[in-house]
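Following: one structure in structure tokens, then a few remarks.
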Amino acid sequence: MAKWFEEAVFYHMYPLGMTGAPKRNESPETTRRFGQLEQWLPHIASLGCTAIYIGPLFESTSHGYDTRDYRLVDRRLGDNDDFARFVRTAHDRGIRVVVDGVFNHTGREFFAFRDIQQNRQGSPYCSWYKGLNFGWNSPYNDGFGYEAWRNCFELANLNYWERAVRDYILDVVRFWIDTFDIDGIRLDCADCLDQSFLQELRRCVDEKKADFWLMGEVIHGDYSRYIGGDKLDSVTNYELHKGLYSGHNDHNYFEIAHTIRREFDQNGGIYRGMRLYSFVDNHDVDRIASKLKVPGHIYPVHTLLFTLPGIPSIYYGSEWGIQGRKEGGNDDPLRPAVDLQKALENPADPELLDWIRTLGRIRKERPALVHGGYQELLLTNRQYAFARLLDGTGVIVAVNNDEKEAPVSIRLPLGGPCTDLVTGESLPAGDGALHLTLAPNESRLVAVG
């Protein structure tokens, strides 16, 4: 029996940004913004999404990744009871909830770091941080140095060789499962965490909740190092993310097809049998609508997101083509406040919104798009077709990144009738091939067998 996350379509929420919360957490008052976030749930369901990745949520000082308190929801969003209600409301709609686990580092206002500032060598928490050295200094003039994530000294790296650190974080995870009934954790900076800790975390969550999903943020390297029955279920597929936008910008479907062959080919793909987390944008990278050179490419990009092997995710607002680029080190343009009702009344790209809803519906109706094997059928720089095949049935996906229409003949992987999954029309097939004319930037999804 498939696990829920294998069949999921995710919706990615960055709550501090989308609700317009203050950039700095300076008020002692709690502001209740989870009501705003609950208003998104019907829309999320309408896209065919069955799970939410939301975060960061821990009480923090600024952007959410500089944790102050792991057992409190950020007061700029609400309190613990507010988030527990949000999870219950999502569950009532059949939507799972996965939270951001920011466990590689803490903020400078975390209790252990504050104790070191106050008590220096006398602090019992000196062993909690990597590279702590009272012979050095920090850019904040603490009178001691420490290892920071990518030299961002507001983020002090925890030392997972210290048993007390592991025990503390594992207790935090148990607390979030028990208190909020969350369904999974996305591990921030998973590639920085010790592998033996990931194994301990796996055992911990398995004892608490069946089918609990552990997904890691991993950008480079061998993703298979992190995935396995004793570690994580999935990691972020940044390799495919890069191919999806550059393969269109360069009119080069060979890049995308090569990536899929390398990763998932049934006869040698290095990640075959694994379910990687697929995305076209997120809270750390430019919005896909700003990244593509040809605006119309946003349609085949999303078609591939929903139909290639992987667990697809939509970043809030990108379903109607919201724009956003990093400004140097400033991520705020990627994380804007959005008035949902106004956005739905006047979406930037209503056709894209409708197309993503269509893709969500088709993926739900066609198990081959979730569990089926991958077979490449046609490949040129500007046209690409493949099939997802399962138990004698399948779906053929054909995309065109050209500005001109393109007639294509696609080898049929199965016999039987061919039906357009968008229009419902029967399509003629002869000589073992499906003959289509693809309009500029068009996608076609065809049931076969």
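The values are calculated or read from the model by the stated rules, or taken from the named source; none is laboratory data. This is a predicted model, so every value here is computed, not measured. Don't worry about glycine lacking a Cβ; one is built from the backbone with ideal geometry, like all the others, and counts go over all protein chains shown.
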#### Entry: Selection status of residue 260, modelled with pLDDT of 95 or more and either closer than 21 Å to residue 402 by Cβ or in a loop (DSSP other than H, G, I, E, B) (or both)
yes
### Summary
Flagged in segment 4-30 as farther than 16 Å from residue 343 by Cα and part of a helix (DSSP H, G or I), in numbering order, are 4, 5, 6, 7, 15, 16
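Which members of segment 404-432 meet the condition of being of a type in the set (D, E, K, R) and either part of a strand (DSSP E or B) or touching a residue at least 60 places away in the same chain (Cβ under 8 Å) (or both)?
Start the filter on segment 404-432 by keeping residues that are of a type in the set (D, E, K, R), which leaves 404-405, 411, 420, 425, 431.
Listed by number, the residues that qualify are 411, 420.
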### Query
Consider residue 329 against the criteria (1) small (Gly, Ala, Ser); (2) under 30 Å from residue 152 (Cα atoms); (3) touching a residue at least 40 places away in the same chain (Cβ under 8 Å): it satisfies all of them except one. Which criterion is unmet?
(3)
### Message
Taking the condition of being basic (Lys, Arg) and within 21 Å of the chain's Cα centre (by Cα), how many residues in segment 239-261 meet it?
### Response
1
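If you scan segment 209-221, which residues turn out to be touching a Lys or Arg at 6+ places or on another chain (Cβ under 6 Å) and at negative phi? Spell out how you get there, then give the answer.
Looking only at segment 209-221, we keep the residues that are touching a Lys or Arg at 6+ places or on another chain (Cβ under 6 Å), and these are 211, 215.
Within segment 209-221, just 215 meets the criteria.
For segment 34-70, which positions are among the charged types (D, E, K, R) and touching a Gly at 6+ places or on another chain (Cβ under 6 Å)?
So the first thing to find is which residues in segment 34-70 are among the charged types (D, E, K, R), and the list is 38, 59, 66, 68-69.
Passing the criteria: 66, 68.
Checking the condition assigned to a helix (DSSP H, G or I), more than 27 Å from the chain's Cα centre (by Cα), assigned by TED's automatic domain parsing to the domain that holds residue 181 and surrounded by fewer than 21 Cβ atoms within 10 Å (Cβ to Cβ), which residue from 114, 85, 150 passes? Steps first, answer last, please.
Numbers: 85 fails: more than 27 Å from the chain's Cα centre (by Cα); 150 fails: more than 27 Å from the chain's Cα centre (by Cα).
Testing whether each residue is assigned to a helix (DSSP H, G or I), more than 27 Å from the chain's Cα centre (by Cα), assigned by TED's automatic domain parsing to the domain that holds residue 181 and surrounded by fewer than 21 Cβ atoms within 10 Å (Cβ to Cβ) leaves just 114.
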### Query
So which residues in segment 31-54 are closer than 18 Å to residue 88 by Cβ, in a loop (DSSP other than H, G, I, E, B) and not polar (S, T, N, Q), if there are any at all?
32, 33, 40, 49
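Among the residues of segment 151-168, which ones are in contact with a helix residue (DSSP H, G or I) (Cβ under 8 Å, 6 or more places away or on another chain) and not basic (Lys, Arg)? Steps first, please.
Going residue by residue through segment 151-168, those that are in contact with a helix residue (DSSP H, G or I) (Cβ under 8 Å, 6 or more places away or on another chain) are 155-160, 162, 164-166.
Residues satisfying the conditions are 155, 156, 157, 158, 159, 160, 162, 164, 165.
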### Message
Take the conditions in contact (Cβ under 8 Å) with a residue 12 or more places away in the chain, out of contact with any strand residue (DSSP E or B) (no Cβ under 7 Å at 6 or more places or on another chain) and of a type in the set (Ser, Thr, Tyr) and apply them to residue 140. Does it pass?
### Response
yes
### Message
Condition first: more than 20 Å from residue 313 (Cα to Cα), touching a helix residue (DSSP H, G or I) at 6+ places or on another chain (Cβ under 7 Å) and in contact (Cβ under 8 Å) with a residue 24 or more places away in the chain. Now tell me which residues in segment 240-265 satisfy that.
### Response
253
